[in-house]
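Structure first, commentary second.
The values are calculated or read from the model by the stated rules, or taken from the named source; none is laboratory data. Keep in mind it's a predicted model, so treat the numbers as computed, not measured. Cβ coordinates were reconstructed from backbone atoms using ideal geometry, including for glycine residues, and neighbour counts include every protein chain displayed.
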Amino acid sequence: MKKIWQKPSVQFIAKTLFYTVILVLLVYIYSYSQTGGAHFIYNEF
């Protein structure tokens with residue numbers, strides 16, 4: 001396992017997947033908190 005992790009390409013792919021998952025979770029949480037909220041700023045005018 002350590003031999004595989006020493007390769008830069010494996011580290012790059014693992015880090016990319018890790019940060020992509022975090023980004024997707026943050027976008028999901030942000031969109032979930034906006035339910036029922038006004039999506040258009042001038043909705044009442």
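For beta carbons closer than 8 Å, sequence separation of 6+ or different chains, a first residue in region 1-17 that is surrounded by 10 or more Cβ atoms within 10 Å (Cβ to Cβ) and a second that is modelled with pLDDT under 90 and β-branched (V, I, T), the qualifying pairs are V10/I4.
Scanning the chain for residues that are basic (K, R) and at pLDDT below 80 yields no hits at all.
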